[in-house]
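This report refers to the structure that appears directly beneath it.
What follows draws every value from the coordinates through simple rules; no lab data is involved. It should be emphasised that the depicted structure is a prediction, and the values quoted were computed from it without experimental measurement. Backbone-built Cβ (ideal geometry, glycine too); neighbour counts: all protein chains shown.
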Amino acid sequence: MPDRRVALSLLCALPAVIVGASASAAPEPNLRVTLAPARPDADQHVRYVDVTVTAEGMSGAQGAPLLRLPLVANTVVTSGAQITGLTISDRQGTIAARVEDIDEDASNRTRFWRAPRQIEGTVTIQYRVPVDADAPPLALPQYEMRTELGGFSAAGNAFLILPDDKTPRRASVEWNFSAYGPGGKGVSSLGVGNAASRTALPAGDLSSMYYMGGKPGVHPPAADGFFAAWQGTPPFPMTPLMDWASDLHRYYGTFFGYAPPSFGVFGRTNQRNPGSGIGLTDSFAFTFNDTSKPAELRSLLAHEMLHAWVNSLEASMDAAGGLDRSWFGEGLAVHYQRLLPYRAGLITAEDFLSDLNETAARYYTNIKINVPNADIPAGFWRDTRIRVLPYDRGSLYFAATDAAIRRASGGKRSLDDLVRTMLAERRAGRPMDEALYRRLLKADLGDAGIAAFEAMLRGQVVLPPSDAFGAQFRRVEKPLRRFDLGFDPASLLARPKIVKGLIPGSNAQAAGLREGDEILNTFSQDGLQGDQQAFLSLEVKRGDEKLSLRYQPRGETVSAYQWESAQ
């Protein structure tokens, strides 16, 4: 799943717009989440977490959806089917809700609780979430509940039963460590310790928050609201890296002209998929393992923090999910993840080029380079080569657009001005959508700008000019090899994962892989694509025999664009 260049940010919420309430307005209802972890066992595993959710202002007719919890969230199996001791009640007593499981699409399945009678007022939900300490690490978004070293962590969509409505509520998270024992502390996307939202939030925002309790490492809140927590033992001191992230977060606030009241970063161990990330409500979560290096994680931190400012247009443009619109939020985040740290003096020119050239190498060698944006949703979760396109294509498109605006204005304007205008419109409560982008783009570049934009959407190859990143860099061509597993990628989606479509003469075949082999392990493909030198290790079952295979997942050599120092 997504690596440090393709950090999932599909859950990012737009910053809250604070609107003054009149004195006669009804008080906003509250939503309180209380988390009570068990005492760690002899292996320092937290085996369960007791959860209480109290939601005011509930309303529902008989048969209407009342509560919801994903069973599968973006391909990740959650704790939804494992929870025990569930009780739901209101002032009239127990609510014997009817359960209904619905497949929302190929990657998401949701459990709904329907009201057996008229519901009004405050609803209380109580249950226990078991934590499987033996569950293998996943090369998937790190939503699921995990435990290690006396702690636990998960995204809300993996375990929180929440109202199935859009009613904004004042949210709070409270921690109860009475069973856990002394020394327990908790951190959520709302803040360190017991914390509350500054504005009323829809329930979906709590679903897209992170929760970490036990004995996490903590970077206390900075003056601009930045804080961090991590679970596990990183192979390097985490505090200096979080100090760097805090400095960059402050620079972002200056660059964009405003900052969210707080922003949280959560890290946890994943031996199989280090360096991946997921965007959340005013926060994000990332993974590391015993080989991770701070330099490798800076790009991820830079990318995900940008989503506190630069979000995808999908919320206003596509209620179905907006993956075909992610060229905007993800493309801008990749464009700025290297550019702004470089301007701030927080990375070197060499770091900048390394980040840029990984994106360019993956894009210009991608055999799916011409897939239109409209076709990305169908393949996003099924083919890594399609999944990376919004990030790579979008970032290079914005680099080309920035160069065009600078050239057309004689250096007086840039992409920065266009983006700041869009964000100002959103803060003012007006739509930040494709129509706005088209208007601003046409004002700067006329019909030629619109034509280039539409060509990008159709899948036409984007090529920024040689000096798009400044006169100190120049574009060159280099022979690079395409990413190629050597077999049909759909094989990895089956259960069991049986190799089909083995390509004769491929590196996979040369390494000993055979048609019909069963692949036992999981791995991140997104990271493999960006690293020309990377090797893929497969654990394979063939009949009663188990084999370990290793090869470079590369195919034909093509001419690709890169940038280098012009000095």
Cα gyration tensor, region 375-493 - rounded (a/c under 1.5), prolate or oblate = oblate
message = Give me the percent relative contact order of the chain, please, defined on Cα pairs under 8 angstrom at least 6 residues apart.
response = 13 percent
ask   = What trypsin sites (Lys or Arg not before Pro) does region 90-143 have in DSSP loop regions with at most 10 other beta carbons within 10 Å?
value = Arg91
ask   = Are any of the pairs Lys500/Lys541; Lys166/Lys215; Lys368/Lys546; Lys368/Lys500; Lys185/Lys293 more than 23 Å apart by Cα-Cα distance, and if so, which?
value = Lys166/Lys215; Lys368/Lys546; Lys185/Lys293
inquiry  = Can you order the peptides 555-561, 545-551 by their average number of other Cβ atoms within 10 Å per residue, highest first?
reply    = 555-561, 545-551
inquiry  = Given Cα positions, please report Rg to Rh for region 514-567, the hydrodynamic radius being the Kirkwood one.
reply    = 1.16
query = Between Ile102 and Gln82, how many nm apart are label points set 7 Å from Cα along the C-beta direction?
reply = 2.6 nm
note = Computed from every Cα-Cα pair in the chain, P(r) in 20 Å bins starting at 0 and rounded to whole percents is 20, 54, 25, 1
remark   = Per the rule of 0.36 nm per residue minus the C-alpha distance, extending Thr199 to Glu564 adds in nm 126.7 nm
note = For region 30-306, the Kirkwood Rh over every pair of distinct alpha carbons, in Å, works out to 19.2 Å
ask   = Of the peptides 434-447, 150-163, how do they stack up when ordered by the mean number of other Cβ atoms within 10 Å, highest first?
value = 150-163, 434-447
task = Using only Cα positions of region 477-559, each an equal point scatterer, no hydration layer, compute I(q)/I(0) via Debye at q = 0.13, 0.16, 0.17, 0.22 Å⁻¹ and quote the log10 values to two decimals.
result = -0.39, -0.58, -0.65, -1.05
